[in-house]
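The values are calculated or read from the model by the stated rules, or taken from the named source; none is laboratory data. Bear in mind the structure is a predicted one, so any value in this text is a computation, not a measurement. No Cβ is skipped: glycine too gets one built from the backbone with ideal geometry, and neighbour counts run over all protein chains shown. These area figures cover heavy atoms from the full protein model, side chains too; ligands, DNA and RNA do not enter into them. Shrake-Rupley method; radii C 1.70, N 1.55, O 1.52, S 1.80 Å.
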Amino acid sequence: MFDRGSWISLVPFVVVCFTAAAIGSLFTSTSINSWYMQLRRPEWTPPNWIFGPVWTALYLMMAISAWLVWRNASWPQAGLALALFTVQLVLNSLWSVIFFGLHRIGAAFGEILILWTMIVATTVAFLPISLLATWLLIPYLLWVVFASYLNFRIWQMN
């Protein structure tokens, strides 16, 4: 369908990643200026405006990373890695549903630990296929470590 060497073949990966972002955003946007603002949060909580640009960059890097794996390997080689990528992407959106949609801070913390595990698994699976794809996931992994600790502290404080 797409020439693997063409930049146009990146488009479906961007669409899929930003669709996941949009799903999460639907749940976040309904609570960010109401329920979330009423929570006690650590003093080091970033301002709300920072999350949009950070997540935009991370989703773009995720899309490029998955695309590089798809582009650099045949389906038998890349299938498991891309399946892990898909699972972590679903878990990423699910966290917003649990935290912002359902207001279940503790359950969201448990879910984000599973998400973190799947990001690690995805990163490891990408390594033999593309070093660049692996490196593109590192900022995402680090951000989720930070988000996990923030989620934990909010849970403790509320």
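Could you please find all residues in region 1-46 being hydroxyl-bearing (S, T, Y) and either closer than 23 Å to I64 by Cα or over 21 Å from the mean Cα position of the chain (by Cα) (or both)?
Those that are hydroxyl-bearing (S, T, Y) and either closer than 23 Å to I64 by Cα or over 21 Å from the mean Cα position of the chain (by Cα) (or both): S6, S9, T19, S25, S34.
On the given criteria, is S130 within 27 Å of W35 (Cα to Cα) and touching a residue at least 24 places away in the same chain (Cβ under 8 Å)?
Answer is no for this residue.
When only residues in region 4-39 that are in contact (Cβ under 8 Å) with a residue 40 or more places away in the chain, out of contact with any Ser or Thr (no Cβ under 9 Å at 6 or more places or on another chain) and not polar (S, T, N, Q) count, which is most open to solvent (accessible area, probe 1.4 Å)?
R4
When the residues of region 94-103 are filtered to those that are open to solvent by 10 Å² or more (accessible area, probe 1.4 Å) and not aliphatic (A, V, I, L, M), which remaining residue is farthest from Y149 (Cα to Cα)?
This residue is G101.
Identify the residue in region 40-52 that is open to solvent by 50 Å² or more (accessible area, probe 1.4 Å) and among the aromatic types (F, W, Y) and, among all such residues, is nearest to N92 (Cα to Cα).
W49
If W67 passes every condition in (1) in contact with a Ser or Thr (Cβ under 9 Å, 6 or more places away or on another chain); (2) open to solvent by 20 Å² or more (accessible area, probe 1.4 Å) but one, which one does it miss?
Going through (1) in contact with a Ser or Thr (Cβ under 9 Å, 6 or more places away or on another chain); (2) open to solvent by 20 Å² or more (accessible area, probe 1.4 Å) one by one, W67 breaks only (2).
Listed here are the residues, each with its yes/no results for (1) of a type in the set (S, T, Y); (2) more than 19 Å from R153 (Cβ to Cβ).
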{"residue": "F51", "(1), (2)": "no, no"}
{"residue": "A57", "(1), (2)": "no, yes"}
{"residue": "N72", "(1), (2)": "no, yes"}
{"residue": "L82", "(1), (2)": "no, yes"}
{"residue": "S93", "(1), (2)": "yes, yes"}
{"residue": "L127", "(1), (2)": "no, yes"}
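Against the condition polar (S, T, N, Q), out of contact with any Asp or Glu (no Cβ under 9 Å at 6 or more places or on another chain) and open to solvent by 30 Å² or more (accessible area, probe 1.4 Å), how does Q77 come out, does it pass?
Against the criterion (polar (S, T, N, Q), out of contact with any Asp or Glu (no Cβ under 9 Å at 6 or more places or on another chain) and open to solvent by 30 Å² or more (accessible area, probe 1.4 Å)), Q77 qualifies.
Pick out the one residue from G101, G110, G106, G79 that is under 27 Å from R4 (Cβ atoms) and more than 15 Å from the chain's Cα centre (by Cα).
G79
What is the one condition in (1) of a type in the set (A, V, I, L, M); (2) without any contact (Cβ under 8 Å) to a residue 60 or more places away in the chain; (3) open to solvent by less than 40 Å² (accessible area, probe 1.4 Å) that L58 does not satisfy?
(2)
Pick from region 115-131 the residues that are among the aliphatic types (A, V, I, L, M), in contact with a helix residue (DSSP H, G or I) (Cβ under 6 Å, 6 or more places away or on another chain) and assigned to a helix (DSSP H, G or I): which of them is surrounded by the most Cβ atoms within 10 Å (Cβ to Cβ)?
I119
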